[in-house]
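Taking it in order: structure first as structure tokens, then the write-up.
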Amino acid sequence: MMTDNNQIIINYEPILDFEILDFLPLEFNTPQQVEFIGYLIETFNNNWREVNDFELYQIAFKAFYDLYMVFIFVKIWQLKENKNSEFLELLNTYDKSDQKNLTRYKNINSPGSLFEISTLKDKKVFNLLKILNLHNNQIEDFTKYINIRNHCSHPSGFIQYRYENLEKYLQEIINYCISIQTKFYPLLIEIFKNFLINNFDLYGDPNIFNDTLVKPNFLSIVEIKYLCKFNIKLLEKHENYREISRFMNYFLEQYPYIL
């Protein structure tokens, strides 16, 4: 990690075979957010191995779980910004004990406040994924590692989980990310179509994709990969289809490392 013009830059080293970083945003919106993600990554990498004959896998798991929750927070933010009426309607069904935090979160519209939803209990955060038409049983599965995270955090007096357990848990969390992301793709396509239609006249500005699409929506590598396969012919009836198609090709030129 290093500082350049007061911006924190993270060296995103691969996290073994667990591709959680592919599901996290390519860019965050504040140096504090970037620093926090870097802290979680380094905590995982530094503890996912035996050190001085002590097994530190539980510490690594807690950091990995927090990265998973960042993914969930991003999905909730994307839903809040793009399905706002449904999102607010669902928030209104929550019990009154959380109304203070819920009201504050309803009124937040700055990407710098991505983590404000952390004031809610994890299980209630997961319930907001109902907007994606996920079954209650699926959402319950997504929350199963809350207790394991808690066990890893509390001073129980013994090491409860070993490498073999946690390796399996991490892979299952990745599978949960894939399931949630797959449900999100239809909304992502709508976001992208609107972006193309509303910005095709800015062809030639290489910053337009990052500044208007990727960064505000906290898009990840897996999401950009998906958009690179977008069927532009879905917009062929639009009066500006030729210009939009050219803009789409310009988008692809900006991400050659993803294609």
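Would it be correct to say that TYR169 is surrounded by 14 or more Cβ atoms within 10 Å (Cβ to Cβ) and outside any helix (DSSP H, G or I)?
Criteria not met by TYR169.
For region 83-94, does any single residue satisfy the condition of being under 18 Å from THR182 (Cβ atoms) and at pLDDT 90 or above?
If we filter region 83-94 for residues that are under 18 Å from THR182 (Cβ atoms), which is where we start, we get 83.
Add one more test, that the residue is at pLDDT 90 or above, and what stays is none.
Checked region 83-94: no residue is under 18 Å from THR182 (Cβ atoms) and at pLDDT 90 or above.
Any idea which residue in region 182-219 is nearest to ILE232 (Cα to Cα), counting only those that are in contact (Cβ under 8 Å) with a residue 40 or more places away in the chain and charged (D, E, K, R)?
LYS193
Within region 169-215, can you find the residues that are more than 26 Å from TYR250 (Cα to Cα) and acidic (Asp, Glu)?
Answer for region 169-215, where residues must be more than 26 Å from TYR250 (Cα to Cα) and acidic (Asp, Glu): just GLU172.
It is to be established whether one or more residues within region 9-17 are outside any loop (DSSP other than H, G, I, E, B) and either crowded, with 18+ Cβ neighbours inside 10 Å or modelled with pLDDT under 90 (or both).
Taking every residue of region 9-17 in turn, at least one turns out to be outside any loop (DSSP other than H, G, I, E, B) and either crowded, with 18+ Cβ neighbours inside 10 Å or modelled with pLDDT under 90 (or both).
How many of the residues in region 53-70 are in contact (Cβ under 8 Å) with a residue 12 or more places away in the chain and either in a strand (DSSP E or B) or in contact with a strand residue (DSSP E or B) (Cβ under 8 Å, 6 or more places away or on another chain) (or both)?
From region 53-70, those in contact (Cβ under 8 Å) with a residue 12 or more places away in the chain are 55, 57-70; that's our starting set.
Adding the requirement that they be either in a strand (DSSP E or B) or in contact with a strand residue (DSSP E or B) (Cβ under 8 Å, 6 or more places away or on another chain) (or both) leaves 55.
Here the count works out to 1.
The values are calculated or read from the model by the stated rules, or taken from the named source; none is laboratory data. Since the structure is predicted, the reported quantities are computational estimates derived from the model, not experimental observations. Cβ sites come from the backbone with ideal geometry, for glycine too, and all protein chains shown count toward neighbours.
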